[in-house]
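First up is the structure itself, then whatever we jot down about it.
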Amino acid sequence: MEIFDDLPAIWDFFWQQLQKAPHQKKHPWRTPVLASLDGDQVNQRTVVLRRVGQKERYLRFYTDFRSAKIRQKGEKLHFSWLFYNSSKQIQLRIKTEGAVVITEELEKIWQGLPVYARSTYAATLPPGTAITYPSDGLPDGFFNQSTPETDIFRENFAAVDNFITEIEFLQLHREGHRRGRWSWEENEWKGTWLIP
């Protein structure tokens, strides 16, 4: 891959890649690492990028409503995302403020999920609960249920929209690394080059 020497070209490149990622199962940015604070501890996990809105400047993931990632203290959910493409040696870090989707859109998303996808939100205990034996926590016979029969687990399903406040791009290249940052300030993006 050629080295980037133009901030607008970088901007166009990473937004194009982000918009492709939710729709391409093998895209390297489809499953980023998401980090958050739990007290004074940093927690990281891999999530599936479900939706991207450049104009609205947001990223969406789904989660179990009972999970620690959305039980942060304070009014807003703060996350740091890490995307990496090893073949192109490009890293993207994004800082966001998250909000749980509470509109009728959430019900529409749930209704579109097949039984196997709903299993992620159907454990009888919250994610991370200690148990004494190996188990996925699903009720007996879960996969024999029809889609409507799994609607009782809807209360555990959450979608989180993450409004982007900062984006940092890093390209590793043998001819010289490139790094840039964009910050959302006064209702517009402000970009600058950084020393890698």
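Things worth noting here:
- When restricted to residues that are over 24 Å from residue 149 (Cβ atoms) and exposed (fewer than 13 other Cβ atoms within 10 Å of the Cβ), the range 96-133 contains 7.
A quick yes/no check of all residues on (1) more than 29 Å from residue 125 (Cβ to Cβ); (2) in contact with a strand residue (DSSP E or B) (Cβ under 8 Å, 6 or more places away or on another chain):
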| site | (1), (2) |
| --- | --- |
| 30 | no, no |
| 41 | no, no |
| 90 | yes, yes |
| 98 | no, yes |
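- For the range 135-142, the condition holds for at least one residue, the condition being that it is open to solvent by less than 50 Å² (accessible area, probe 1.4 Å) and at positive phi.
- Yes/no for residue 92 being more than 21 Å from residue 51 (Cα to Cα) and modelled with pLDDT of 95 or more: no
- Only listed residue being over 15 Å from the mean Cα position of the chain (by Cα) and under 26 Å from residue 166 (Cβ atoms), chosen from 97, 56: 56
- Subset of the range 165-182 [open to solvent by 20 Å² or more (accessible area, probe 1.4 Å) and of a type in the set (S, T, N, Q)]: 165
- Inter-residue pairs, beta-carbon under 6 Å, first closer than 14 Å to residue 71 by Cα and in the range 96-109, second of a type in the set (D, E, K, R), 6+ apart: 97/76; 99/161
- Number of the exception - residue 150 against (1) open to solvent by less than 20 Å² (accessible area, probe 1.4 Å); (2) part of a strand (DSSP E or B): (2)
- Figure legend. Inter-residue proximity from the range 1-30: first residues over 20 Å from residue 48 (Cα atoms), second residues basic (Lys, Arg), beta-carbon distance below 7 Å, spacing 6+ or different chains. Indicated pairs: 1/88; 3/178; 4/178.
- Residue match in the range 23-32 (condition: β-branched (Val, Ile, Thr), surrounded by 14 or more Cβ atoms within 10 Å (Cβ to Cβ) and under 17 Å from residue 79 (Cβ atoms)): yes
- Screening residue 68 against (1) touching a residue at least 12 places away in the same chain (Cβ under 8 Å); (2) under 13 Å from the mean Cα position of the chain (by Cα); (3) under 25 Å from residue 113 (Cβ atoms) leaves a single unmet condition, (2).
- Of residues in the range 48-70 being open to solvent by less than 50 Å² (accessible area, probe 1.4 Å), within 19 Å of residue 102 (Cβ to Cβ) and of a type in the set (A, V, I, L, M, F, W, C), the one modelled with the lowest pLDDT: 70
The values are calculated or read from the model by the stated rules, or taken from the named source; none is laboratory data. Note that this is a predicted model, so its numbers are computed, not measured. Cβ coordinates were reconstructed from backbone atoms using ideal geometry, including for glycine residues, and neighbour counts include every protein chain displayed. Just so you know, the surface numbers come from the protein's heavy atoms only, side chains and all, with ligands and any DNA or RNA stripped out. Shrake-Rupley method; radii C 1.70, N 1.55, O 1.52, S 1.80 Å.
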